[in-house]
Amino acid sequence: MYNDNPTLDKLKQLDEQKQGEVFELSEADFYDPNYKYFYIESYGCQMNFSDSEIVASILAESGYRPTRQMELSDLILINTCSIREKAEETVRKRLRVFDKVKRNKPGTMVGVLGCMAERLKKKWLEEEKLVDLVVGPDAYRDLPNLLNEVEGGDKGINVILSREETYADISPLRLDSNGVSAFISIMRGCDNMCSFCVVPFTRGRERSRNAFSILAEANDLFERGYREVTLLGQNVDSYKWENPESGESVNFAMLLEMVAKVDPDLRVRFSTSHPKDITDEVLHKMAAYENICKYIHLPVQSGNSRILELMNRTYDRQWYLERIDAIYRIIPDCAVSSDIIAGFCSETEEEHQDTLSMIPLANYSMSYMFFYSERPGTLAARKYPDDIPTEVKKRRLQEIIDIQTQVSFKHNQADIGKVFKVLIEGDSRKSTDDFKGRNSQNKMIVFPKQSPYKTGDYVQVRVTDATSATLIGELVS
Ligand code: SF4
C-alpha cells in the first residue's frame with residue numbers, strides 16, 4: 001500500500017464512504033492518463049527497501065505517481081539484491097514477468113536498480129533486451145535524466161559509485177508502510193571487506209549522513225504519527241559524521257541519544273551492528289533510554305576463529321563472546337539475533353561444531369541462516385575454492401536451523417507470564433480479530449483486539465504462550 005499517494009488517499013476516502021455497499025475500488029478506478037505511473041519491486045536487505053523510498057520520492061518530484069498495478073505503469077522498476085545466487089535468480093524470473101507486460105503495453109520502460117545493477121553494469125543491456133535502464137545505488141538522483149534518454153530512444157545507465165552521496169536532503173516516499181514504523185538510512189556503503197561479501201563492490205565506500213538531517217527526518221516521522229524508526233547502515237557502529245561548522249564529530253552512541261530524545265514515545269531500533277566495532281558506550285546509551293529498543297542484530301557468520309579469519313571478519317570467537325557478555329551485562333533483558341553462514345570454504349566438521357555451539361552460548365532469539373554462496377569478484381571467490389559439497393552445506397545448514405529453532409523456542413518460552421510494552425503494528429496475519437505488534441526485544445506478539453486500542457498505540461501485553469517464532473498474549477491494559 002503506497003501511503004504518500006494522493007490517488008490512494010482519495011481511494012481510501014471513497015472506500016470508507018462506500019464501505020456500506022461492500023464495494024472494493026481498485027487503483028484502475030483512479031488511473032489518470034495525464035500522469036505517468038511507476039511500479040517498483042524491492043528485494044534483499046532493509047537498505048534496499050529504504051532506497052526504493054528514495055527512488056519513489058525522486059520520481060514523484062518528476063511527476064510520476066506510484067502504482068501497485070504493473071499493468072497500469074509506464075515504468076517498471078526492480079530494486080535488486082546480489083548477496084546470494086538465489087537472489088539473482090529471483091530477479092531474472094521477475095524480468096520474464098515484466099517482459100510479458102511490456103509486450104502487451106509497448107513503450108513501458110523497464111529498469112534494474114540496486115546491487116545487481118551495480119555488479120553487472122552494462123552487461124544488463126547486452127544480455128536482457130527488455131532492460132532500458134540500469135542504475136546503481138549511488139546514482140538515483142540521475143533517474144530523471146536517464147528516463148529522458150530512454151524516452152528519446154536510447155538506453156540509460158549510471159553505475160558510478162560515490163564517496164559523498166547519502167541522499168540526506170531527499171525525504172523518502174513511504175512505500176508499503178503501516179504508518180507506525182519507518183526506516184531511516186544513516187550511512188551508505190561499507191569499508192569492511194568480508195571475503196564472502198559483494199556489498200563493498202556494489203555499494204562502495206562508507207560515508208555517514210549529516211546527523212541533523214537524520215534528526216529532522218525522525219522528528220518529521222514522529223509528527224506524522226510514526227512511533228518507531230529503525231536506523232539503517234551496513235555497519236551502524238562505524239557511523240561517524242564530522243560537523244563542518246563546529247568541527248565536532250558525532251559517533252553512533254551520540255546519534256542514538258539524539259534520536260531517542262526526539263520523544264519518549266518514539267521507539268528507536270538500528271541494524272546492522274558489527275562485533276568488532278560495537279562499543280560499551282552504545283550499550284550504555286541503550287540501557288539509559290527506555291525507548292531505545294533492547295535488541296541487537298549482531299552477525300557472527302561463523303563460530304570458529306580460523307573460518308572467521310578466512311572470512312576476514314576481523315574478530316575471533318573469543319572477542320565475539322566477550323561482546324555478547326558485555327551486552328547481557330549492561331542490558332540484561334536485551335535480545336540478540338545473528339547471521340550465520342554454513343559450509344564456508346574449507347570448513348571442517350569440528351569447525352562447524354563451533355558454529356553450532358555458538359547459538360546456545362550467545363542465546364540468540366533468532367538468526368538468518370544460509371549456506372555459503374560464492375559471489376563473483378569477492379576475495380573468497382578469488383582466493384578460496386568453494387570446496388564444501390552442496391549436500392554437506394545443506395546438512396550443516398539444517399543442523400544450524402534445528403539448534404536455532406530449539407534455542408528460539410526456549411527463549412520465547414522463558415517469556416511466558418511476563419508483561420511487555422507492545423507497539424501495535426496492525427492486524428495479525430492469521431486473524432483480523434487479533435492485533436500484532438513487537439516488544440522492545442523485537443519479538444512479534446499476537447493478542448486479541450480490544451477497543452479502544454488501534455494501530456500505533458502502545459499497550460501492555462502478558463505472554464500466555466509461545467512458539468519458536470511468535471509470542472501469544474493477552475492485553476492487560
Ligand atoms: S560488514 Fe561485511 S558482510 Fe556486512 S556489508 Fe560489510 S562487507 Fe558485507
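The values are calculated or read from the model by the stated rules, or taken from the named source; none is laboratory data. Because the structure is predicted, anything quoted here is derived from the model rather than measured. Using ideal geometry, Cβ is built from the backbone for each residue, glycine included, and neighbour counts are taken over all protein chains shown. Heads up: the accessible areas ignore ligands, DNA and RNA and are worked out on the full protein's heavy atoms, side chains in. Shrake-Rupley method; radii C 1.70, N 1.55, O 1.52, S 1.80 Å.
Just one of the numbered conditions (1) open to solvent by less than 40 Å² (accessible area, probe 1.4 Å); (2) outside any loop (DSSP other than H, G, I, E, B) is not true of residue 138: (2). State whether the residues of segment 330-345 include one that is without any contact (Cβ under 8 Å) to a residue 12 or more places away in the chain and either polar (S, T, N, Q) or not assigned by TED's automatic domain parsing to the domain that holds residue 442 (or both). Looking through segment 330-345, at least one residue is without any contact (Cβ under 8 Å) to a residue 12 or more places away in the chain and either polar (S, T, N, Q) or not assigned by TED's automatic domain parsing to the domain that holds residue 442 (or both). Within the option set 147, 175, being in a helix (DSSP H, G or I) and either within 16 Å of the ligand (Cβ to nearest atom) or buried (at least 16 other Cβ atoms within 10 Å of the Cβ) (or both) holds for one residue only, 147.
Can residue 432 be described as closer than 21 Å to residue 267 by Cβ and part of a loop (DSSP other than H, G, I, E, B)? It would help to see each step written out before you state the result.
On the way: closer than 21 Å to residue 267 by Cβ: no; part of a loop (DSSP other than H, G, I, E, B): yes.
Taking the combined requirement at face value, the residue does not satisfy it.
Pick from 410, 454: which is of a type in the set (D, E, K, R), loosely packed, with under 15 Cβ neighbours inside 10 Å and assigned to a loop (DSSP other than H, G, I, E, B)? Being of a type in the set (D, E, K, R), loosely packed, with under 15 Cβ neighbours inside 10 Å and assigned to a loop (DSSP other than H, G, I, E, B) holds for just one of 410, 454, which is 454.
Yes or no, residue by residue, for (1) hydrophobic (A, V, I, L, M, F, W, C); (2) touching a residue at least 12 places away in the same chain (Cβ under 8 Å); (3) assigned to a helix (DSSP H, G or I):
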| position | (1), (2), (3) |
| --- | --- |
| 87 | yes, yes, yes |
| 90 | no, yes, yes |
| 96 | no, no, yes |
| 101 | yes, yes, yes |
| 107 | no, yes, no |
| 112 | yes, yes, no |
| 116 | yes, yes, yes |
| 124 | yes, yes, yes |
| 129 | no, no, no |
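Yes/no per residue for (1) closer than 23 Å to residue 291 by Cα; (2) in contact with a Gly (Cβ under 6 Å, 6 or more places away or on another chain):
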| residue | (1), (2) |
| --- | --- |
| 375 | no, no |
| 408 | no, no |
| 412 | yes, no |
| 421 | yes, no |
| 424 | yes, yes |
| 429 | no, no |
| 440 | yes, no |
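Filtered by the rule that a residue be over 22 Å from residue 294 (Cβ atoms) and within 16 Å of the ligand (Cβ to nearest atom), segment 209-236 gives a lone residue, 234. Of all the criteria given as (1) in contact with an Asp or Glu (Cβ under 7 Å, 6 or more places away or on another chain); (2) open to solvent by 40 Å² or more (accessible area, probe 1.4 Å); (3) within 23 Å of residue 281 (Cβ to Cβ), the one not satisfied by residue 155 is (3). Note on segment 457-470: residues that are open to solvent by 60 Å² or more (accessible area, probe 1.4 Å) and closer than 18 Å to residue 421 by Cβ amount to 3. Determine whether segment 435-445 contains at least one residue that is within 22 Å of residue 225 (Cα to Cα), at pLDDT 95 or above and among the small types (Gly, Ala, Ser). Yes: one or more hits.
Only a single item in (1) in contact (Cβ under 8 Å) with a residue 24 or more places away in the chain; (2) more than 18 Å from residue 63 (Cα to Cα); (3) more than 22 Å from the chain's Cα centre (by Cα) is not met by residue 144, and it is number (2).
Would you call residue 91 under 25 Å from residue 203 (Cβ atoms) and out of contact with any Asp or Glu (no Cβ under 8 Å at 6 or more places or on another chain)? Spell out the reasoning first.
Working: under 25 Å from residue 203 (Cβ atoms): yes; out of contact with any Asp or Glu (no Cβ under 8 Å at 6 or more places or on another chain): yes.
So residue 91 passes the test.
Residue check: residue 368 meets all listed conditions (1) assigned to a loop (DSSP other than H, G, I, E, B); (2) open to solvent by 70 Å² or more (accessible area, probe 1.4 Å); (3) within 27 Å of residue 182 (Cα to Cα) but one, namely (1). Within segment 70-84, the set of residues being in contact (Cβ under 8 Å) with a residue 40 or more places away in the chain and touching a Lys or Arg at 6+ places or on another chain (Cβ under 8 Å) comprises 75, 82, 83, 84. If you go through segment 297-318 and keep only what is within 15 Å of the ligand (Cβ to nearest atom) and closer than 17 Å to residue 277 by Cβ, you end up with 297, 298, 299, 300, 301, 308, 311, 312, 313, 314, 315. Taking segment 378-407 as the range and being surrounded by 15 or more Cβ atoms within 10 Å (Cβ to Cβ) and assigned to a loop (DSSP other than H, G, I, E, B) as the test, the residues that pass are 378, 384, 386, 388.
Checked against (1) under 18 Å from the mean Cα position of the chain (by Cα); (2) open to solvent by less than 10 Å² (accessible area, probe 1.4 Å), residue 197 passes all but a single condition, namely (2). Within segment 179-205, residues that are at negative phi and within 8 Å of the ligand (Cβ to nearest atom) sit with their Cβ atoms under 8 Å from residues that are assigned to a loop (DSSP other than H, G, I, E, B) and of a type in the set (Val, Ile, Thr), at 6+ positions apart or across chains, in these pairs: 192/314; 196/378; 197/83; 197/378; 198/83; 198/378; 199/83.
Within segment 200-225, the residues that satisfy the criterion of being farther than 23 Å from residue 113 by Cβ and open to solvent by 10 Å² or more (accessible area, probe 1.4 Å) are 210, 212, 215, 216, 219, 220, 222, 223, 224, 225.
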